Amino acid sequence: MSRRAMALLGLGIASMLVVALAIVLVGRERHPSHPETVIVPRSNATDLEIVFERLRSRGLRVAIPQRIQFHATSSPSVLSQSPRPGSRVTWGSVVTLHLLPGGFATPIGPDNVPTYRVPDFTGKQLADAVDWTEGKWAYWEADLPSLPPSSAKHLFDAYVVTSQHPVAGSDIRPWMPVRRVLGQADGVRLTPLVLEVALGD
C-alpha cells in the first residue's frame with residue numbers, strides 16, 4: 001500500500017473516531033444519567049425504612065433532624081415531610097422527615113425460642129446487625145443520631161455500630177415467657193440486641 005493510500009486510510013479512521021465521539025457526547029446530553037427535576041413520591045406507607053428507600057430511589061437525599069428510636073418490637077413512623085409528596089424538586093434535593101416515636105408491642109411467638117450466638121458487629125454497618133436478626137426470633141434496638149442530608153442507599157447503611165450488648169460470642173435468647181405469678185398476668189421478658197451507633201463516613 002502506498003504512503004498516500006495509508007495517509008488517506010489514517011484520515012478516514014480518524015474522522016470515524018471523531019464522529020463516533022460526537023455521537024456519544026450528544027447522546028449523553030440528550031439522555032443524562034438523571035433527570036433535572038423529580039416529583040417527591042407519594043406513599044401510603046409511614047414506615048420509616050420504606051419512605052426512606054422510596055425517596056432515595058428517586059435520587060433525593062434524606063435528612064432526619066431528630067434522634068431516631070428503634071425499640072425492639074416497633075419502629076418509628078413518618079409523621080410529615082418537607083417538601084410535601086407530589087412536589088416537583090431538583091434531582092438531589094433534600095427531603096426532611098419528621099417522625100413519631102415507635103411504641104412497644106408484646107412479641108408473639110413460640111414458647112421455645114431458640115438461643116442465638118451473637119456475632120461481633122462493632123465497626124460494621126448497622127445494616128449488618130439488622131440483617132442478622134432477619135428470619136430469627138430476635139429483636140434489636142438502638143437510638144440513632146439525627147441524620148444530616150444523606151445519600152445512603154438504605155437508612156441503616158448510614159450508621160456504624162460502636163458497641164453492643166450482649167457482647168460478641170454471648171448466647172442470647174430473645175424472650176422468655178413469664179407465667180402467672182402472684183396474680184400477675186402472663187407476659188415475656190424481652191432481651192433484645194442493644195446497639196450503640198454513630199454516623200458512618
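Each reported figure results from applying straightforward, stated rules to the coordinates on display, with no laboratory input. Everything numeric here is computed off the predicted structure, so don't read it as measured data. So basically every Cβ, Gly included, is an ideal-geometry build from the backbone, and we count neighbours across all protein chains shown.
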With label points set 7 Å from each Cα along the Cα-to-Cβ direction at Ser163 and Ser82, the distance between them in nm comes to 3.6
Arg117-Asp171 pseudo-label distance in nm [points 7 Å out on the Cα-to-Cβ vector]
1.1
Given R₀ = 35 Å, what would the calculated FRET efficiency be for Asp128 paired with Thr90, taking r from the Cβ atoms and rounding to 0.05?
0.60
How high is the relative contact order of region 33-83? Use alpha-carbon pairs under 8 Å, at least six apart in sequence, and give a whole percent.
39
Sorted by average packing, counted as other Cβ atoms within 10 angstrom per residue and highest first, what order do 149-161, 122-134, 35-47 take?
149-161, 122-134, 35-47
Among Asn44, Tyr116, Leu193, whose Cα projects farthest towards the positive end of the dipole of region 37-199, with charges put on the beta-carbon of Lys, Arg (+1) and Asp, Glu (-1)?
Asn44
Placing each pseudo-label 7 Å from Cα in the direction of the beta carbon, Leu100 and Ser57 end up separated by a distance in nanometres of 2.3
